[in-house]
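Here is the structure we will look at, set down as structure tokens.
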Amino acid sequence: MSSPKSDRTEEMSGRKVPALVISGFLGSGKTTLIRHLLDEAVREGVRVALVSNELGELGIDRELLGEGGEAYVELDGGCVCCELSDDLLETLQELWERVEPDRIVIETSGVALPYDTQLNFWREPVCRWIGDDAALVVVNAEQVAEQRDLVGTFEDQVSSADMLVLNKIDLISQADLVSVQQRLRTIEAEAPVVLCSRGRIDPRLLFPPNAHELDRSGPPPEARPHSHESFKTREWQPQRGIDSRSLEAELARPGLLRAKGFVETNEGLRLVQVVGRRIELSVPERRPAPELIGRVVLISRAGSQA
């Protein structure tokens, strides 16, 4: 008698798995959107394997997304669209063999380009089982409304999108929303745009039931010429019991693009999130691993004083 495991492996051998590459500039809301997709997958009984490429090596996203068990893998120390492409290939194959997923989701770092990540799907051995794929680029509506950091990496990401998710629309006015959409259309004229707040998007838009199974037996598409901007990350360890005002003052430094971490303030443990000029201190949903408390990753452009 065959086991359920062997039965599922046999079933998987004749079926291709859809893959979704989620990209977007620093602080666009990718992790929140993925948390929503994972919650929906659990509710629907869908098996999702997630690869997360976090900029910085603290593993904060793992805490925010939940442990995820063997279906969650973090790749750090580089970018999945170039430096870590071989690691990505090996990780995807291991996940397919070990987890036998119904869907693959790859969260790139805030500086990676989705198109170059997708090119890895044409490589052996994953080209045999990865089917339809798409690049979803998450855009922070407030960032566009403030006309902040809209060249270079941002433009490259948006122009690579198969679909744009305009996130955080609750943070801007209706008039700004119109101008933000017009600005996106000057960069990418064809990709559909979905509006949302807090990353809440219907998974059926991203994984349609009638998606075609792409044949990857031919040569891969050509890589698009691009160059990476230089970003730097460093760790800041604020004093335990720091008051909120002092914490916010330290995080308001010019040139800081993104910050994320857990800090024990005089009011209790707080999840620190900085995106541009917006600083948020919130109570985390669950207490993180002790080694992550009192550590904040700061991301800025190379050459910045932040």
Charge dipole of region 231-301 about the Cα centre (unit charges at C-beta), most positive-ward option of Val272, Ile242, Ser300
Ser300
Express in whole angstrom the spacing between the alpha-carbon centres of region 260-299 and region 175-210.
29
Which whole-number percent is the relative contact order of region 231-301 (Cα, under 8 Å, 6+ apart)?
44
From the Cα gyration tensor of region 231-301, with a ≥ b ≥ c the square roots of its eigenvalues, which class applies: rounded if a/c is under 1.5, or else prolate if a/b is larger than b/c, or else oblate?
prolate
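We did not get these values from a lab; they are worked out from the coordinates using the rules stated. Because the structure is a prediction, the values reported are computed rather than measured. No Cβ is skipped: glycine too gets one built from the backbone with ideal geometry, and neighbour counts run over all protein chains shown.
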